[in-house]
1. Does residue C:179 satisfy the condition of being within 14 Å of another protein chain (Cβ to nearest Cβ) and over 26 Å from residue B:191 (Cα atoms)?
2. For residue B:103, all conditions in the list (1) surrounded by fewer than 16 Cβ atoms within 10 Å (Cβ to Cβ); (2) closer than 25 Å to residue A:252 by Cβ hold save one; what is the number of the exception?
3. crowded, with 24+ Cβ neighbours inside 10 Å, within 20 Å of the chain's Cα centre (by Cα) and touching a residue at least 12 places away in the same chain (Cβ under 8 Å): is that true of residue A:181 in this structure?
4. If I filter the range C:100-109 down to residues being touching a strand residue (DSSP E or B) at 6+ places or on another chain (Cβ under 6 Å) and on the phi < 0 side of the Ramachandran plot, which single residue comes out as farthest from the other protein chains (Cβ to nearest Cβ)?
5. Step by step: first the residues of the range B:180-203, then only those that are surrounded by fewer than 16 Cβ atoms within 10 Å (Cβ to Cβ) and not in a loop (DSSP other than H, G, I, E, B), then the one that is nearest to the other protein chains (Cβ to nearest Cβ). Which residue is that?
6. Do the conditions hold for residue C:73, that is, is it at pLDDT 80 or above and touching a helix residue (DSSP H, G or I) at 6+ places or on another chain (Cβ under 6 Å)?
7. Could you run through the range C:31-42 and say how many residues are more than 7 Å from every other protein chain (Cβ to nearest Cβ) and surrounded by fewer than 24 Cβ atoms within 10 Å (Cβ to Cβ)?
8. What is the residue count in the range C:110-137 for residues that are in contact with a strand residue (DSSP E or B) (Cβ under 8 Å, 6 or more places away or on another chain), assigned to a loop (DSSP other than H, G, I, E, B) and within 14 Å of chain B (Cβ to nearest Cβ)?
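The values are calculated or read from the model by the stated rules, or taken from the named source; none is laboratory data. Quick caveat, the model's predicted, so the values are computed rather than measured. With ideal geometry, Cβ positions are generated from the backbone for all residues, glycine too; neighbour counts draw on all protein chains shown.
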């Protein structure tokens with residue numbers, strides 16, 4: 001470093017000379033580092049780095065290009081969601097949890113709602129149509145999440161076209177989400193007791209068409225990477241973590257399944273009626289990045305299968321309720337498309353305003369105050385696209401959660417960074433982290 | 001629930017101006033049979049661990065979940081037995097809960113365990129007084145609890161003795177206080193808009 | 001009529017200001033500053049799938065702040081991230097612009113708590129605020145186009161200094177929001 005840079009000076013510390021690289025002449029830097037005669041270099045990557053999958057900070061100790069030690073620094077997206085929820089009603093909680101792992105919002109909502117329903121003791125009272133809609137939405141969400149994982153994973157390893165195609169498929173799913181929930185992301189669609197509203201007209205037809213389109217496109221997309229020699233060289237044998245490593249570190253999801261263990265909570269501890277669907281648990285036995293990539297690719301097809309079965313079921317359940325019958329929990333809202341494109345059904349408003357004072361009071365109390373949840377604690381785990389997503393919820397009997405904690409698979413799985421990358425080349429840590437697919441919103445909450 | 005409409009208790013003040021008084025319920029021990037596979041787990045643990053009655057303060061079965069309240073001195077021993085003998089290979093982390101009104105056991109640490117072999121789940125719970133918030137670390141048993149314990153330290157100030165590097169993980173290193181404790185305010189700022197000022201969420205009227 | 005008639009065909013005459021504005025407007029390179037949910041929508045805009053930001057000359061997302069003109073703050077900024085954000089902003093070379101994407105970056109959004117900076121304008125000057133949680137990709141495109149219009153009309157040199165002074169003065173004299181009364185106009 002020949003010129004003084006106010007934001008990136010090199011300085012002497014007790015640990016040796018520290019260089020801050022923020023651009024500039026790389027040759028000069030290499031020369032300076034060479035002059036220190038140090039074999040060992042500690043490199044800081046992130047938290048703002050194009051390849052770290054969000055605001056993740058990696059501190060790497062390098063010898064040449066080999067990583068001798070890798071540590072991950074997190075917390076750059078800590079949002080205080082868990083604490084914030086203690087000040088909001090149980091129903092409003094879905095609005096918060098949906099923003100944790102923003103690639104799998106519907107999974108967060110489902111885990112949270114299942115836990116609240118467990119505390120309420122209404123797990124068996126959830127209407128079947130609501131459960132089927134939940135499953136369908138979750139599987140659609142799994143597709144959109146895997147699409148981002150595959151697209152960005154490929155981008156980070158230098159392949160840009162898979163990302164274009166992945167985001168194209170993601171748009172297909174998001175169009176369905178928008179049609180059903182009104183939003184592309186962060187929907188707060190799944191609520192304690194059921195879902196916020198029934199499917200709009202034409203939704204099932206659209207889903208059927210989209211499934212056909214996606215099935216065709218997935219086959220095309222697969223040819224971009226499967227068998228691609230550069231891709232294979234960058235991913236095979238990289239980020240190795242075997243079954244013992246996974247259990248020790250508490251790793252679940254595609255990373256665990258890449259060791260050959262068919263551990264999928266949808267099969268083994270079914271929720272939302274997953275036991276009524278035909279699908280296979282996809283595994284690989286390579287324990288590496290390529291195996292995890294293949295698992296995600298093949299899970300897409302399994303998700304499509306489940307979605308088709310959901311659509312069949314929903315056609316038979318036309319007109320069935322989507323919210324629990326207990327009027328002390330279910331919001332009385334009858335949402336309909338008003339003149340301004342949103343809002344409550346005018347008939348419903350006319351009825352409660354004009355004829356029933358009691359209904360109006362009830363509606364008001366339920367929305368402003370919320371419902372009481374009996375005291376106790378519950379832990380519900382579901383299979384999110386990244387692994388076991390557990391919602392630990394404590395209630396003190398009030399209208400607000402006493403404590404909400406999410407066991408985020410991204411948070412837990414990110415601990416494997418060191419095990420996966422130490423001893424490997426620095427370029428391979430990118431692939432290893434991408435194969436964990438951490439979503440920093442979920443990691444930091 | 002047996003209370004009045006919408007859970008009104010005491011004075012029946014439902015205006016929301018009563019202030020937010022939170023009191024978590026303390027469950028007593030459950031009686032056998034526990035139901036489900038819980039009796040089997042308890043039997044196995046008693047057989048494998050002779051000091052069962054000393055180490056386990058309470059066994060609570062609620063909402064289809066088994067919770068073993070463990071004395072903190074015995075936590076690591078129990079954890080090793082559960083992992084090696086009872087095949088609870090995975091610990092799904094730890095999360096803190098702060099109950100300020102439970103004098104002498106204000107801070108709880110909750111460990112959900114999972115057995116891949118038997119497809120079972122149980123929960124361990126350890127409670128410690130606020131003034132002496134030390135719990136032995138289980139990182140040597142389940143290495144994956146490393147970050148979870150750091151998070152619980154960061155958010156609740158529980159010190160996990162024997163943890164290989166107990167530092168803050170989510171908050172900045174120089175942060176003061178442990179944000180998710182009940183005595184730590186939610187923070188936030190008042191919002192001003194066209195002649196009206198809305199206080200931050202923690203200072204607004206709220207219902208029990 | 002003057003100079004235009006004397007020069008050969010194929011020449012256009014304009015002012016330096018207009019030319020610079022035109023150039024800057026059409027090569028607005030964003031820095032990749034994805035933080036949370038909004039970053040995914042930003043990626044959707046950046047990928048050619050459906051929205052194709054390349055139509056507006058902004059597809060070149062730069063990872064290095066030195067080569068970027070526009071910082072799209074896409075997501076919630078935590079207290080831990082704020083100094084990092086400011087350092088990246090400082091590393092960008094002028095002229096530079098900041099787009100606060102989404103409710104969280106603009107005002108803290110629904111997270112009014114201990115962890116989140118209540119609006120990125122506490123840390124860096126913001127040129128355009130984009131509402132939404134998260135905003136649709138079309139909204140991001142719209143914000144970028146609106147910003148490009150601003151850039152197109154940016155004055156240079158003494159004119160710019162004059163405008164900055166006027167804007168500062170107007171801001172100093174403006175009535176604070178909490179003193180405003182009456183209808184929400």
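1. Spelling it out, it is not the case that residue C:179 is within 14 Å of another protein chain (Cβ to nearest Cβ) and over 26 Å from residue B:191 (Cα atoms).
2. Only one criterion is unmet by residue B:103, namely (2).
3. Here the answer is no, as residue A:181 does not meet what is asked.
4. The selected residue is C:100.
5. Ranking the qualifying residues of the range B:180-203, first place goes to B:192.
6. Yes; evaluated as a whole, the condition is true for this residue.
7. Of the residues in the range C:31-42, 0 are more than 7 Å from every other protein chain (Cβ to nearest Cβ) and surrounded by fewer than 24 Cβ atoms within 10 Å (Cβ to Cβ).
8. The number of residues fulfilling the criteria is 4.
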